[in-house]
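A.B. asks: Please find one structure pasted underneath; my questions will follow.
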Amino acid sequence: MKRIIVLTALSMLLCIPSQAQTDTAGFDVRQSLENARQLRRLCKTDQAIDTLMAALQRNTSDMEVLTELAECHTSAGNTEEAFGWWVMLSTMQPENLYFQIARAKLLYREKAYEECITVCRGITARDTIPDILAMTADAFRLAGKADSALVYYNEFLRIKPHHARTISKKADILLAAKRYDEVLEMTGPFLEAEPDNMTVLPIHGLALHLKECYPLSIETFEHQRELGDDSYAVYYYLGLNHYMMNNWPRAIKELETAYQIDSSDVTLVYQLANAMSHRPVRTRMEDYGLNPESERLYARALDMLKPSPSMMHNIYGSMAMARHRVEEYEEAIKYYELSYRYDKKNISALSSIGYCYERLRRYEEALEYYERYLKVGKKGSSGYRFVEESIAYLKQEKFMEETE
């Protein structure tokens, strides 16, 4: 394809009549070139191209005219024609980096990342241009080659260590790889110099959260809020940090604010419901469970949710534990059953159901679920020993009832 484009550009030159190529009387090529530049600035690229093609009939090797013609096709979005002219110019003057850079930019714009990388690497081998290093890194990242992207982001940051946008792109790769310490090693020194930078602050806060440094993450997002950022992300991560620290009142407050900003995130709805399920529902402060607010939000999460077994398991499991905590065993059993249906590996649901039946004094059903647990449980584990002890206790209870 590239060969066809280049041949097309060359054929356009070869098709110009040879007599016309030498006839310069009464024609000012330089004035035509200036006119074309003015037309391009006015977004009249078609007229500019016609003017330049007329100029080429007087001199097919005028590099300024050929360059402006390539620029016009690029501005007009004529990708194939523009690429053909840039390749031809690069062939005519291979030492001219400007032509190579123009080719690389066009390839990047057209998402031809592998070809863009090849051209960029040729440029950086001759001259360490920061913008080309950044383009190479971006092309590698978008081509799914994260390790190579990091090499070029590091090289760029060696030259421009305080470039926030590039730090953000590099951090995305490191966060996805769970390399949180490396993110903090990069964002920490940056924020010492620019503590109010609104690009790097949230990255730093997120890395702290993912590293489970919740108090420090809270400090970072609180500072961001003090600087005037009242976005969804700030309230969400403030709420999530408090949530992970079991600080339910603050978690609810921040997550509710995030919910008011954007109520379309099912994960937020689930987390807010779960936090609300820790509000007291009886007079004793230690009694927490489903209340109307949390139940409504759990129901909304289920309505919003696309079929995702893991999320369905989490939601029903949380609803079961909320009922369990306040000794509503019938309801807890229902939700444990639903949770287990979506994750058969979660065998602890079987022992929990058995325990609920035990508390309801429905010993036959309790034994049934305990026995099911023993068939799949790991011998010697704490859960396995608990079930064995429960079975022994229930059998004794049944014997005592039968002998009375």
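The values are calculated or read from the model by the stated rules, or taken from the named source; none is laboratory data. Everything quoted here is computed from the prediction, not taken from an experiment. Glycine also receives a Cβ, built like all others from the backbone with ideal geometry; neighbour counts cover every protein chain displayed. For accessibility, only protein heavy atoms count, side chains too; no ligands or nucleic acids. Shrake-Rupley method; radii C 1.70, N 1.55, O 1.52, S 1.80 Å.
A.B. asks: Please return the ranges of helices (runs of 4 or more DSSP H) entirely within region 14-63 where 1 or more residues are modelled with pLDDT under 90, under 17 Å from Asn78 (Cα atoms) and acidic (Asp, Glu).
C.D. replies: none
A.B. asks: Go over the candidates Val376, Val326 one by one and state the one that is farther than 30 Å from Arg300 by Cβ and open to solvent by less than 90 Å² (accessible area, probe 1.4 Å). Break it down into steps so the answer makes sense when it comes.
C.D. replies: On the way: Val326 fails: farther than 30 Å from Arg300 by Cβ.
None of the others qualify; the one that does is Val376.
A.B. asks: Let me ask something else about it. When you scan region 228-250, do you find a residue that is over 28 Å from Gly317 (Cβ atoms) and of a type in the set (A, V, I, L, M), even just one?
C.D. replies: Keep residues of region 228-250 that are over 28 Å from Gly317 (Cβ atoms), which gives 228-231, 234.
Going one step further and asking which of them are of a type in the set (A, V, I, L, M), we end up with 234.
Yes, there is a match, as at least one residue in region 228-250 is over 28 Å from Gly317 (Cβ atoms) and of a type in the set (A, V, I, L, M).
A.B. asks: Okay, next question. Would you pick out the residues in region 219-241 that are over 24 Å from Thr166 (Cβ atoms) and crowded, with 22+ Cβ neighbours inside 10 Å?
C.D. replies: If we filter region 219-241 for residues that are over 24 Å from Thr166 (Cβ atoms), which is where we start, we get 219, 222, 225-226, 228, 230, 232, 235-236, 238-241.
Passing the criteria: Tyr235, Tyr236, Leu238, Gly239, Leu240, Asn241.
A.B. asks: What is the one condition in (1) open to solvent by less than 30 Å² (accessible area, probe 1.4 Å); (2) under 37 Å from the mean Cα position of the chain (by Cα); (3) not aromatic (Phe, Trp, Tyr) that Asp343 does not satisfy?
C.D. replies: Failed condition: (1).
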